[in-house]
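So the structure is just underneath, and the comments pick up after that.
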Amino acid sequence: MSARVASAAQRLRSRGAKLRARAQDDVLDRLARFFDGWSDPRGAWQRELAPEVAEQAGFSVQNVREGLALGLGHWTGDALRAAFRTEQRAAGRRLSGLPLTAVCLAGAIPMPTLLQLAIPLALRSPVLAKPASRDRATPRAFVRRLREIDPELADCVELVDFRRDDDTARDAFCAAECVVALGADDTIATLRAATPARSHFVGYGHRLSLAVIGPDALDDDTHARALARDVALWDQLGCLSPVAVYALGARPEVARRFGERLCAALAAQQQRAPRGPIPTAAAAQVRHERDLAQLRTANDADGAGACFADPSGAWTVVVEPDARWRPAPLYRFVRVHPLPAADPRRDAPAAAEALARALAPVARFVSSAALAGAGSQAAEATLRAGLARLGASRVCAPGRLQAPPLDWPHDGRPPFSALADPQFLTE
């Protein structure tokens with residue numbers, strides 16, 4: 001297998017010289033047409049990809065269709081051009097890629113795959129890609145659809161697959177001048193160690209997202225429905241899926257009512273876009289966390305907590321009696337934590353500090369947050385700043401967590417500059 005990886009890398013290096021000779025705007029325009037094709041929810045590209053991803057990854061087709069329509073709807077050609085040119089102006093020089101970029105993909109959500117394969121091409125760097133085990137459909141669709149627009153550009157992407165324990169193939173893969181790795185932290189560490197010191201390494205590891213709902217939104221069904229969509233899309237398996245809701249300034253009974261609203265919304269979401277099958281080990285973990293929650297709430301003298309669960313196991317909402325961080329088994333399992341003393345309408349800095357204390361065990365993993373009901377623009381700004389200090393690179397309204405803009409700085413890194421030649425080589 002290592003010979004196949006090395007041969008693919010050699011072919012790409014040869015094609016890369018021709019790619020770098022093309023005008024930057026020409027390449028960007030071709031990729032813009034490509035993104036316009038993906039952004040149309042009624043188009044053939046999304047329609048044909050959805051069942052392929054659903055079958056491989058274990059999602060329901062309805063879930064994938066809804067996720068693609070939301071996530072790709074604003075990833076247009078104009079958005080791609082604007083993101084690239086904004087970063088180039090910020091750099092002050094033309095952004096150029098390295099001679100070869102190797103991308104190790106992960107997960108089962110198509111949007112990161114589409115973007116991480118396109119970014120090196122926008123920088124005029126050929127791409128050697130290892131598909132994720134749960135989604136080989138999206139990389140293949142990427143190459144197939146790009147070939148319809150620009151066969152020469154499609155030839156600058158090759159897909160290679162090898163076992164995780166194939167050290168020689170991994171080393172051949174990591175010999176690229178730029179190595180991009182997505183996945184679990186142990187995978188990132190292994191690939192980083194295999195990448196030569198002379199190469200540019202970019203790793204995107206484990207992250208999680210959450211929601212912060214202030215007192216002005218806790219009695220609103222609209223926010224519960226929006227948040228249920230964030231939880232249910234992709235069965236809560238991506239880094240943008242909220243695993244916890246912090247109810248600021250909420251007495252236990254208010255948090256419980258919001259939990260009930262979230263239950264009703266998740267039940268409706270299950271009817272519209274059912275959860276896919278769940279692995280045996282994951283189902284056991286969900287049952288374990290449910291049992292612990294039921295025991296905890298049964299022993300709560302104040303009756304502050306509650307455990308609401310769909311009889312079929314399709315979703316779970318646990319209203320916790322406190323703000324303590326607890327494990328998230330995923331697969332549409334979400335916790336609601338009351339923070340009664342943290343009322344941003346009265347003291348937004350104190351509310352931000354209380355939230356920081358609650359999230360201290362996972363602060364370095366926070367990716368994004370949904371925020372609503374802070375009470376005023378000033379209070380919202382204070383909470384946004386507090387979430388940014390915790391590491392959140394994006395704060396948005398509920399219902400938009402699964403739709404980051406194309407120029408979102410994932411893990412705080414601008415998408416194109418992160419993969420560019422660190423020396424910003426010019427033509």
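The values are calculated or read from the model by the stated rules, or taken from the named source; none is laboratory data. Quick caveat, the model's predicted, so the values are computed rather than measured. Positions of Cβ are generated from backbone atoms using ideal geometry, with glycine treated the same way; all protein chains shown enter the neighbour counts.
Take residues that are touching a strand residue (DSSP E or B) at 6+ places or on another chain (Cβ under 9 Å) and tell me which of the helices (runs of 4 or more DSSP H) falling wholly in segment 1-66 contain 2 or more. Walk me through it before giving the result.
Working: elements: 2-21, 24-39, 44-57.
So the answer is 2-21, 44-57.
A count restricted to segment 291-320 and to residues that are modelled with pLDDT of 90 or more, crowded, with 16+ Cβ neighbours inside 10 Å and in a loop (DSSP other than H, G, I, E, B) stands at 3.
State whether the residues of segment 239-262 include one that is out of contact with any helix residue (DSSP H, G or I) (no Cβ under 8 Å at 6 or more places or on another chain), crowded, with 18+ Cβ neighbours inside 10 Å and part of a loop (DSSP other than H, G, I, E, B). Yes, segment 239-262 has at least one match. Contact map, segment 90-102: first residue on the phi < 0 side of the Ramachandran plot, second residue basic (Lys, Arg), Cβ cut-off under 7 Å, separation 6 or more or different chains; pairs are Ser96/Arg124; Gly97/Arg124; Pro99/Arg13; Leu100/Arg13. In the set (1) at pLDDT 95 or above; (2) farther than 30 Å from Leu28 by Cα; (3) hydrophobic (A, V, I, L, M, F, W, C); (4) out of contact with any Phe, Trp or Tyr (no Cβ under 6 Å at 6 or more places or on another chain), Val127 fails one condition alone, (2). When residues in segment 185-217 are screened for being touching a Phe, Trp or Tyr at 6+ places or on another chain (Cβ under 9 Å), surrounded by fewer than 17 Cβ atoms within 10 Å (Cβ to Cβ) and either of a type in the set (Ser, Thr, Tyr) or closer than 20 Å to Gln236 by Cβ (or both), 1 of them pass. Would you confirm whether any residue within segment 249-269 is farther than 25 Å from Leu218 by Cα and touching a strand residue (DSSP E or B) at 6+ places or on another chain (Cβ under 7 Å)? So far as segment 249-269 goes, no, none of its residues is farther than 25 Å from Leu218 by Cα and touching a strand residue (DSSP E or B) at 6+ places or on another chain (Cβ under 7 Å). What residue, among those in segment 70-103 that are assigned to a loop (DSSP other than H, G, I, E, B) and within 21 Å of the chain's Cα centre (by Cα), is nearest to Ser199 (Cα to Cα)? Checked segment 70-103; the qualifying residue nearest to Ser199 (Cα to Cα) is Trp75. Test Arg198 against the stated conditions and say whether it is among the charged types (D, E, K, R) and touching a residue at least 60 places away in the same chain (Cβ under 8 Å). Considered against the rule, which asks whether it is among the charged types (D, E, K, R) and touching a residue at least 60 places away in the same chain (Cβ under 8 Å), Arg198 comes out as no.
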